[in-house]
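The structure appears right after this line, and notes come after that.
The values are calculated or read from the model by the stated rules, or taken from the named source; none is laboratory data. Small disclaimer: the values here were computed from a predicted structure and weren't measured. When we count neighbours, we look across all protein chains shown, and the Cβ atoms used for this are built from the backbone with ideal geometry, even at glycine. Calculation scope for accessible area: heavy atoms of the full protein, side chains included, ligands and nucleic acids excluded. Shrake-Rupley method; radii C 1.70, N 1.55, O 1.52, S 1.80 Å.
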Amino acid sequence: MKKKNITAIGIALMILIITAGCGSNKNSDNESGVTDEAAIVLSNEESTANTEDAASEESSVTPRIYEKHIADYNSYDELIEDIKNFLDVMGESDTDTFFDRAEQYEWFTFCMWQDLNNDSFGYLQVDIDGDGVDELLLGTAGSEENPNDAYIDNMYTIRDGKVDPVFESYSERECYELCEDGVVKYDFNFPPMPYGVEYYRCKAGNLDLIEGIHYEFEWSDDVFQNHFYYYDSSLQNRELTEKEYDEMNEELEHKYNRPKFQLHPFKD
C-alpha cells in the first residue's frame with residue numbers, strides 16, 4: 001500500500017512540473033500577456049484589415065478604358081475623322097503623348113502607327129465583293145512611278161449599321177494585299193514555323209479560304225528538314241517538293257492580279 005502511495009505522489013509531481021513548464025513556454029511565446037484566444041482574434045482582425053486595404057488599393061487603380069471599339073462606329077466618316085484627329089495629335093505632341101491617346105482605341109495597331117508617319121497614308125471607299133456595300137480601305141500609296149498602286153493594311157465593312165473589320169494588319173510578320181475580284185492575299189511569317197501565303201475570297205464581309213501554300217521545318221536526328229504543302233478550302237494538305245513549292249508560289253503570284261487603287265491622303 002505504501003509503495004502505491006509513493007508512486008501516485010510521484011506521478012502527481014511529474015504532471016505538476018510538466019504543466020508548469022507548458023505554462024512557462026506559453027508566457028515566453030506571448031510576452032505581451034495576451035491570451036491565445038485573444039491573439040487569434042487580433043490576428044483575424046489584422047488579416048481582415050489587410051484584405052480590405054488591398055481591396056481598397058486595387059479599387060483605386062484606374063482600369064484601362066478604351067474610348068472606342070470598332071463596333072462603336074456607325075459610319076466610316078466617324079472612323080476617318082478620328083484618324084485625322086490622330087494625325088493632329090501626332091503633329092502637335094511628343095510620341096509618348098500620342099501613344100497615351102492611341103491606347104484609348106482598341107483598334108489602333110502598330111502597322112497603323114507606321115502608316116500614320118507616311119505622307120501617302122490614305123483611305124478609299126469601294127465595293128470590293130460586289131454586294132452593294134462599300135468597304136473602307138486604309139493603306140499607303142505606291143511609288144511616284146506607280147502612284148495608283150496601293151498597299152492595303154486594313155479593310156472594314158458595314159454590317160447591321162456598325163463598322164466591322166474584314167482584316168487588319170497587326171505586325172510586320174503578316175501582310176494583307178488586295179487582289180482583283182475581291183481576292184485577299186495573306187502572307188505570314190511566324191518563326192519557327194510556318195511560313196506561307198494564302199488567298200481568300202471576300203464575301204459579305206467574310207474571308208473564305210481559296211487556296212494556300214506553306215512550309216515548315218524541323219530538326220530531327222541531327223538533320224534539318226523542310227516540309228512543303230499545298231491546300232485548298234478542304235484544308236487537306238498535299239505535300240510538295242521544294243521545286244514544286246517554288247513553282248506553285250510563282251503560279252499563284254500570276255494567278256491573282258493586284259488592282260490599281262488611288263487613295264485619298266489623310267493629310268490633304
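Taking 15 Å as the cut-off, the amide N atoms of region 208-223 that come nearer than this to a point 7 Å along the Cα-to-beta-carbon line of Glu239 belong to 214-220.
The loop-placed GluC sites (Glu not before Pro) in region 164-201, going by DSSP, that have at most 12 neighbouring Cβ atoms within 10 Å of their Cβ come out as Glu172. For region 158-208, applying the loop criterion from DSSP together with a ceiling of 13 other beta carbons within 10 Å to the trypsin sites (Lys or Arg not before Pro) yields Arg173. Checked against a 21 Å cut-off, the cross-linked pairs Lys185/Lys260; Lys68/Lys267; Lys84/Lys185; Lys162/Lys203 give Cα-Cα distances beyond that limit for Lys68/Lys267; Lys84/Lys185.
The charge dipole of region 123-238, taken about the Cα centre with unit charges on the Cβ atoms of Lys, Arg (+1) and Asp, Glu (-1), comes to about 280 debye, rounded to the nearest 20. A Stokes-Einstein calculation at 10 °C with viscosity 1.306 mPa s, built on the Kirkwood radius of region 77-142 over Cα pairs, returns a diffusion coefficient of 122 µm²/s. Rolling a 1.4 Å probe over the protein chains gives Ser220 an accessible area of about 50 Å².
The modelled label-to-label distance between Val133 and Ile70, using points 7 Å beyond Cα along the C-beta direction, is 1.3 nm.
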